[in-house]
Ligand SMILES: NC(=O)c1ccc[n+]([C@@H]2O[C@H](COP(=O)([O-])OP(=O)(O)OC[C@H]3O[C@@H](n4cnc5c(N)ncnc54)[C@H](OP(=O)(O)O)[C@@H]3O)[C@@H](O)[C@H]2O)c1
């Protein structure tokens with residue numbers, strides 16, 4: 001029996017990487033999936049890849065009018081939401097001495113403000129007993145140099161899983177976060193590094209992982225499916241590290 005049969009799932013940032021892999025798995029498990037992202041061509045390609053159970057709605061999570069449009073469309077088409085994976089996020093690194101207002105605003109606007117309003121604006125459509133999964137990061141618990149602002153955004157996300165569990169308990173909506181370790185996605189190609197720098201950065205990171213490698217997006221998707229389905233029915237306010245042992249060991 002499929003784990004998400006008949007469920008309506010929204011995945012922000014579903015046109016790439018972890019979000020796309022999760023959308024594909026959710027659709028295979030019987031969910032109707034709505035994916036979002038700013039880039040239209042990537043969104044169209046993702047919808048085609050996910051298959052018949054997918055719809056794309058273009059938009060920026062940091063733009064509240066875009067979120068209103070997203071949920072108006074979801075409401076018209078499906079009438080409710082059972083699962084939200086608030087996944088859209090950006091990464092950029094800067095040591096404290098070099099942090100600019102632009103760097104701070106870019107990361108907080110998408111990773112914190114965008115995530116908060118992605119969840120808040122979904123609530124009127126949310127079915128009681130639904131599940132919300134927030135994409136945090138192992139950076140919420142580690143102190144790598146130059147990760148300061150990014151880590152702070154992901155610590156905020158982890159915190160939201162706790163407080164929103166309390167805020168939404170009367171509606172029996174479970175909120176949890178997932179915290180990936182380094183995962184092989186296009187995010188690393190967006191850091192402005194050369195091919196060689198990217199490879200060196202990757203090798204440095206792999207050396208810190210007990211399992212000795214990057215994870216694959218599909219390995220995060222399986223953890224998100226667990227948190228989205230009734231398999232995790234007694235788990236709330238938790239943060240699940242999927243990181244090859246990086247934080248625990
Ligand atoms: N890969 C890793 O190692 C890793 C580790 C820990 C946590 N994470 C987290 O995992 C999440 C997904 O990252 P990924 O690795 O899968 O990277 P990715 O392939 O670059 O995917 C990022 C997704 O977010 C979307 N997005 C970014 N800004 C957005 C905005 N303002 N509005 C709407 N959508 C936006 C992107 O689509 P558009 O660009 O088209 O908008 C894309 O779909 C992020 O929150 C990231 O922080 C990743």
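The values are calculated or read from the model by the stated rules, or taken from the named source; none is laboratory data. These numbers were taken from a predicted model, which means no experiment stands behind them. Neighbour counts run over all protein chains shown; Cβ positions are idealised from the backbone, glycine included.
Regarding residue 146, is this residue at pLDDT 95 or above and either touching a helix residue (DSSP H, G or I) at 6+ places or on another chain (Cβ under 9 Å) or not in a helix (DSSP H, G or I) (or both)? Steps first, answer last, please.
Values: at pLDDT 95 or above: yes; either touching a helix residue (DSSP H, G or I) at 6+ places or on another chain (Cβ under 9 Å) or not in a helix (DSSP H, G or I) (or both): yes.
Judged against the criteria, residue 146 is a match.
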Which of the numbered conditions does residue 133 fail, given that it passes all the others? Conditions: (1) within 29 Å of residue 181 (Cβ to Cβ); (2) more than 9 Å from the ligand (Cβ to nearest atom); (3) in contact with a strand residue (DSSP E or B) (Cβ under 8 Å, 6 or more places away or on another chain); (4) without any contact (Cβ under 8 Å) to a residue 24 or more places away in the chain. (4)
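Of 203, 139, 207, 156, which residue is more than 10 Å from the ligand (Cβ to nearest atom) and surrounded by 14 or more Cβ atoms within 10 Å (Cβ to Cβ)?
Working: 203 fails: surrounded by 14 or more Cβ atoms within 10 Å (Cβ to Cβ); 139 fails: more than 10 Å from the ligand (Cβ to nearest atom); 207 fails: surrounded by 14 or more Cβ atoms within 10 Å (Cβ to Cβ).
Residue meeting the stated conditions: 156.
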What is the residue count in the stretch 196-221 for residues that are at pLDDT 95 or above, in contact with a helix residue (DSSP H, G or I) (Cβ under 7 Å, 6 or more places away or on another chain) and more than 11 Å from residue 183 (Cβ to Cβ)? 1
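Going by the conditions given, is residue 151 free of Cβ contacts under 8 Å to residues at least 24 places away in the same chain, crowded, with 16+ Cβ neighbours inside 10 Å and within 16 Å of the ligand (Cβ to nearest atom)? Can you show your working first?
On the way: free of Cβ contacts under 8 Å to residues at least 24 places away in the same chain: yes; crowded, with 16+ Cβ neighbours inside 10 Å: yes; within 16 Å of the ligand (Cβ to nearest atom): yes.
Judged against the criteria, residue 151 is a match.
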Among helices (runs of 4 or more DSSP H) entirely inside the stretch 1-115, those with 1 or more residues being modelled with pLDDT of 95 or more and near the ligand (Cβ under 8 Å from one of its atoms) are 17-28, 40-50, 64-78
Pairs where the first residue, in the stretch 183-201, is closer than 22 Å to residue 218 by Cα and touching a residue at least 12 places away in the same chain (Cβ under 8 Å) and the second is more than 14 Å from the ligand (Cβ to nearest atom) and not in a helix (DSSP H, G or I), C-beta under 6 Å, 6+ apart: none
Selection count, the stretch 27-41, where residues are farther than 13 Å from residue 61 by Cβ, surrounded by 24 or more Cβ atoms within 10 Å (Cβ to Cβ) and touching a helix residue (DSSP H, G or I) at 6+ places or on another chain (Cβ under 7 Å): 2
Give the residue, chosen from 249, 175, that is more than 15 Å from the ligand (Cβ to nearest atom), touching a residue at least 12 places away in the same chain (Cβ under 8 Å) and in a strand (DSSP E or B). 175
Mind telling me which of the residues 24, 73, 29, 42 ends up being closer than 21 Å to residue 175 by Cα and touching a residue at least 12 places away in the same chain (Cβ under 8 Å)? 29
Scope the stretch 224-249; condition closer than 22 Å to residue 159 by Cβ and out of contact with any helix residue (DSSP H, G or I) (no Cβ under 9 Å at 6 or more places or on another chain); matching residues: 227, 234, 248
Would you be able to say whether some residue in the stretch 229-237 is within 19 Å of residue 88 (Cβ to Cβ) and crowded, with 18+ Cβ neighbours inside 10 Å? no
